[in-house]
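Input: a single structure, listed below in structure tokens.
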Amino acid sequence: MRNINNSKLRIIPLGGLEQIGMNITAFEFEDSIVVVDCGLSFPEDDMLGIDLVIPDVSYLKENIQKVKGFVITHGHEDHIGALPYVLKDINVPIYATKLTIGLIEHKLKEHNMLNHVKRKVIQHGQSINLGAFRIEFIKTNHSIVDASALAIYSPAGIVVHTGDFKVDYTPVFGDAIDLQRFGEIGKKGVLALMCDSTNAERPGFTMSEKTVGKVFDDIMSDHKNSRIIIATFASNVDRVQQIINSAYKYGRKVVIEGRSMVNVISTASELGYLNIPDKTLIDIEQMKNYPDDQVVLITTGSQGESMAALSRIAANIHKKVQIKPGDTVVFSSKAIPGNEKAVSRVINELSMKGADVIFQDAHVSGHACQEEIKLIYSLVRPKYAIPVHGEYRHLKAQADVARSLGIPKENIFILSSGDVLELNADNAKVVDHVHTGGILVDGLGVGDVGNIVLRDRQHLAEDGIMIVVMTLEKYSNQLLAGPDIVSRGFVYVRESEDLMEEARAVVNDAVNNCLEKGVTDWGKLKNVIKDALSDFIWKKTKRNPMILPIIMEV
């Protein structure tokens, strides 16, 4: 007879909670694990030089024999970006809708992994069996086409995971969200709902993506004589479609600039998610053959990223596009929290060069506001609520919405990444915590930069470095040359010769002192130099540069 205690479903978020980004959740039932999403996040301000952060999947490595596959809700970086890194250790099949698989294949190609990874295109309404689980893909709307919610059927009950979603009754491409299916699954009895919390603090409904199309029409009719540059998220295929529609309507050619934008657009049009009228798209090289009032440039960089096309254009370092007075630049996005400064810098740079910058009303969110969240809860009627996708304040806001709908407080779980929630029809509780965290990717190095290296980078960035070089004679330990001091990022040496002279004298005394006492251990000698120099520098300047003694022997 099966032990009742073992037959619980375990839900383990390995990333993505209390932050926006790095979404990855494991669902475990006895000997089956299914992983939903596998995203990356972008570095925090204090992660100097780091390119991206991927989730630590030690738990999946330890249980590799149970892992049946990755199920992906949609093609955004914070849901697919870590796949090429994680699949190197956990090579299991990937299941997702057509466009999502297309974008994942593009990533795998860049990492030369296309032939090593199994992938399967699933259609909305289809189900797949993975170990003890059956997973059904449900059509939703989001700021990228082909987004899915998942109904995860396990012997312990059904969990509905919305993925990132909004309710859009008039989407630009394809059908509206399949609300009917949410209701049908709700009637069967749903154990838990994991719902997108990104906009849970905002009352009301999110506007339809279609409303932005009208804004583009207005902008183009108001700025008939200027060149129009529109910055938006590369992945927002519907937004690009509407810009192309407006451009075509007003007789303008479209140029697409920015690597990620070109990737997504070519994948989407190959797979039939974009309808581009003949002869509308032109290459950036051909732009000079057309007058300004016949061109629209769609570009990346709406978040002020320093390497993205728009920032390079604004800073005058783009090889092919220069801003000129009279250009109209539209930000078709909202600044992600933390990027406001960068965005405002780019807006200022563009305005100084004489461009007319528009950033109102040219964007709608891809995430559900409170009324849509309530709609999903009312259709699904879950026993337990598990808010996902958001910082703590967003998860808390959704917990409040769930309570207002009558879900008892003890049935709402605000989890942290790494929590293990065990649940079945009788009860649910957090029983354990597994190891999670971010692994830093810097260039080609994955995980070789950790906290200590970051701390050193911080130290170097804030206080600079002083290098003390000296030469000792082998055996006799006589000081042959030095000590010389080289500094970088500490003070401008030419104007501080006295300080450097004094510093040298301090080190000299300390070294001679040691040698007279017969200290021959280099470790001890280096520590004495560090202590003497850092005391002196702190007294004189109230700074703490990194001090590196280098001893050579001849």
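The values are calculated or read from the model by the stated rules, or taken from the named source; none is laboratory data. A quick note: this is a predicted structure, and the numbers were derived from the prediction, not measured. Using ideal geometry, Cβ is built from the backbone for each residue, glycine included, and neighbour counts are taken over all protein chains shown.
Return the residues of region 107-159 that are under 25 Å from G186 (Cβ atoms), in contact with a Pro (Cβ under 9 Å, 6 or more places away or on another chain) and assigned to a loop (DSSP other than H, G, I, E, B); say none if nothing qualifies.
The one that is under 25 Å from G186 (Cβ atoms), in contact with a Pro (Cβ under 9 Å, 6 or more places away or on another chain) and assigned to a loop (DSSP other than H, G, I, E, B): A132.
For E44, all conditions in the list (1) over 18 Å from L103 (Cβ atoms); (2) over 12 Å from the mean Cα position of the chain (by Cα); (3) in a loop (DSSP other than H, G, I, E, B) hold save one; what is the number of the exception?
Tallying (1) over 18 Å from L103 (Cβ atoms); (2) over 12 Å from the mean Cα position of the chain (by Cα); (3) in a loop (DSSP other than H, G, I, E, B), E44 fails exactly one: (2).
Take the residues in region 288-323 that are touching a Gly at 6+ places or on another chain (Cβ under 7 Å) and within 17 Å of I358 (Cβ to Cβ); name whichever of them is surrounded by the most Cβ atoms within 10 Å (Cβ to Cβ).
L310
Where in region 315-425 are there strands (runs of 3 or more DSSP E), lying wholly inside it, with at least 1 residues that are within 27 Å of V36 (Cβ to Cβ) and in contact (Cβ under 8 Å) with a residue 60 or more places away in the chain?
Once the strands (runs of 3 or more DSSP E) in region 315-425 are filtered for at least 1 residues that are within 27 Å of V36 (Cβ to Cβ) and in contact (Cβ under 8 Å) with a residue 60 or more places away in the chain, what remains is 382-385, 419-423.
Return the only residue of N275, N225, N263 being in a loop (DSSP other than H, G, I, E, B), in contact (Cβ under 8 Å) with a residue 24 or more places away in the chain and more than 18 Å from G174 (Cα to Cα).
Exactly one residue qualifies, and that residue is N225.
Does L525 meet the test of being closer than 18 Å to E553 by Cα, assigned to a helix (DSSP H, G or I) and touching a strand residue (DSSP E or B) at 6+ places or on another chain (Cβ under 7 Å)?
The answer is yes for L525.
Which ones in region 82-129 are hydroxyl-bearing (S, T, Y) and either touching a Cys at 6+ places or on another chain (Cβ under 7 Å) or over 22 Å from K66 (Cβ atoms) (or both)?
Matches in region 82-129: T97, T100.
Among the residues of region 444-463, are any outside the structural domain of L375 (by TED's automatic domain parsing), of a type in the set (S, T, N, Q), surrounded by 13 or more Cβ atoms within 10 Å (Cβ to Cβ) and touching a residue at least 60 places away in the same chain (Cβ under 8 Å)?
Yes, region 444-463 contains at least one residue that is outside the structural domain of L375 (by TED's automatic domain parsing), of a type in the set (S, T, N, Q), surrounded by 13 or more Cβ atoms within 10 Å (Cβ to Cβ) and touching a residue at least 60 places away in the same chain (Cβ under 8 Å).
Restricting the search to region 464-478, which residues are modelled with pLDDT under 80 and either out of contact with any Asp or Glu (no Cβ under 8 Å at 6 or more places or on another chain) or outside the structural domain of N513 (by TED's automatic domain parsing) (or both)?
Within region 464-478, Y475, S476, N477, Q478 qualify.
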